[in-house]
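Accompanying notes for the structure given below.
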Amino acid sequence: MTVPLPRHVAIIMDGNGRWAQQRFRPRVIGHRAGARAVNSCIDFCIARGIGALTLFAFSSENWGRPSQEIDALMKLFLGALEREVAELHRRGVRIRFIGERSRFAEAIRQRMTNAETLTAGNQVLQLSIAASYGGRQDIAEAARALAREVAAGRLDPEAIDETLLGAHTALSDLPAPDLFIRTGGDFRISNFLLWQLAYTELWFTQTLWPDFDQDLFQQALDDYARRERRYGLTSAQVASGQQESTPL
Ligand code: FPP
């Protein structure tokens, strides 16, 4: 029997600050350790053949953190963009960023665009980094795009359905996440991919993000493989293969 593998995994990487505090170190040390866990997680996806990975690196709400922590995170993002992109490209990773890019400094924006352009044709792993991202904002932007089409007379409001709205949200060219992982012990979605997570299997762990290793990732995959995805149908219907298609 083949064990189902998620095509797309989305992760909230929570717990960096507490990881550092437990060691009596500044929070930035936790974020640095978190960046190492990101690398290991990407390696794992490539090795296991998971086609898409989306990471919540910085939420719209994170701009409210103390300026010292924001500065440290920005330095970390810039450093990661400078160090990692060439190697990720060599390994066939396509990188993209979702979220309100205009809020980042020019140097970061430039490197984001460069990374996206360089890796645009890669197909081994679709790596999406949510940065200054909010799920409600994503849906609002999709609504705004459709409203513009209606105002310009190019779209009949009656033609707006879930498929069309979904097509204007972030990552609409990817299958929706099959598996959502949140580390750090909280049981929340925290405004991540609200539209895209509608039918996603949710998996939570107390482990803090810097300690999230490949064994734990495998445990999440094993649990995922045991889940029955019914999409609103009955078990009997699912067993007889009656679901016509998986929703986006
Ligand atoms: C949440 O932990 C984590 C963040 C807000 C930042 C995530 C950033 C990284 C993992 C580092 C680098 C990422 C990339 C893509 C290079 P928290 O600070 O909220 O932890 P806490 O809940 O323990 O305070």
message: I'm trying to understand the selection: among the residues of segment 15-34, which are closer than 21 Å to Asp215 by Cβ, of a type outside the set (Phe, Trp, Tyr) and crowded, with 21+ Cβ neighbours inside 10 Å?
response: Gly15, Asn16, Gly30, Gly34
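Per-residue answers, yes or no, for (1) modelled with pLDDT of 95 or more; (2) under 15 Å from the mean Cα position of the chain (by Cα); (3) surrounded by 18 or more Cβ atoms within 10 Å (Cβ to Cβ):
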| site | (1), (2), (3) |
| --- | --- |
| Thr2 | no, no, no |
| Pro6 | yes, yes, yes |
| Ala57 | yes, yes, yes |
| Ala86 | yes, no, no |
| Gly92 | yes, no, no |
| Thr113 | yes, no, no |
statement: Those helices (runs of 4 or more DSSP H) completely within segment 150-248 that have 1 or more residues that are modelled with pLDDT of 95 or more, closer than 30 Å to Arg27 by Cβ and among the aliphatic types (A, V, I, L, M) are 214-226
- prompt: Right, Ile46: more than 20 Å from Ala170 (Cβ to Cβ) and touching a strand residue (DSSP E or B) at 6+ places or on another chain (Cβ under 7 Å) or not?
  reply: yes
task: State which residue pairs qualify: first residue on the phi > 0 side of the Ramachandran plot and inside segment 108-133, second residue assigned to a strand (DSSP E or B) and surrounded by 14 or more Cβ atoms within 10 Å (Cβ to Cβ) in any location, beta carbons under 6 Å apart, and separation of 6 or more residues or different chains.
output: Ser132/Phe58
query: Using beta carbons and a limit of 6 Å, which pairs, at least six apart or on different chains, have the first residue in segment 173-186 and in contact (Cβ under 8 Å) with a residue 60 or more places away in the chain and the second one of a type in the set (Ser, Thr, Tyr)?
result: Pro177/Thr200; Leu179/Tyr224; Phe180/Thr200; Thr183/Thr205; Thr183/Thr207
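The values are calculated or read from the model by the stated rules, or taken from the named source; none is laboratory data. Treat the numbers as computed from the prediction; the structure is a model and nothing was measured. We place every Cβ from the backbone using ideal geometry, glycine too, and count neighbours over all the protein chains shown.
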